[in-house]
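Computed from the coordinates by the stated procedures, all read-outs in this text should not be read as laboratory data. Here the structure is a predicted model, which means the values were calculated and not measured.
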């Protein structure tokens, strides 16, 4: 139950304030990704917390070391969170580890490329989607009545979960647009930084 609320909190920070600070986005994305992976291998809440904290620190160190490509890595981390969530949505009852890894890496690479190409505007969308996915995943762990948010068991539940994900991401996007209003106008829609 506590692990669910931790994911909800981390997801809310990423969803509603993800691009307010690149450092926050990296730490929260690294934490969320490591938590989802630890949970996927069946780690206990305490072990998942330690792995998630190590993931947050490792992600931050990695991005700092390659700061020239920071947008690519921030976008890639958030994309990996989105990819992991999408994979569990599309393959709720387990599945192949190899396919999961390929799916998550592909989502991370695509998101990293998009963030590097269109920077702040893309990160705004990616962090809103990633944070909303983490929040729903966390809510699913808080009570058994919401377990369907983690792995929907029917087509209707999948559609409802997807609509909730997009709706929550939309709220996060709107929140971040207000927070980052000063940063967005300086950037033309197709310009690279």
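Out of every Cα-Cα pair that region 2-179 contains, those further apart than 22 angstrom amount to 37 percent. In region 111-186, Cα pairs under 8 Å separated by at least six residues give a relative contact order of 35 percent.
Any idea what the relative contact order of the chain is, in percent, if you count C-alpha pairs under 8 Å spaced at least 6 apart?
Working: 318 pairs, mean separation 60.1, N = 193.
Contact order relative to length: 31 percent.
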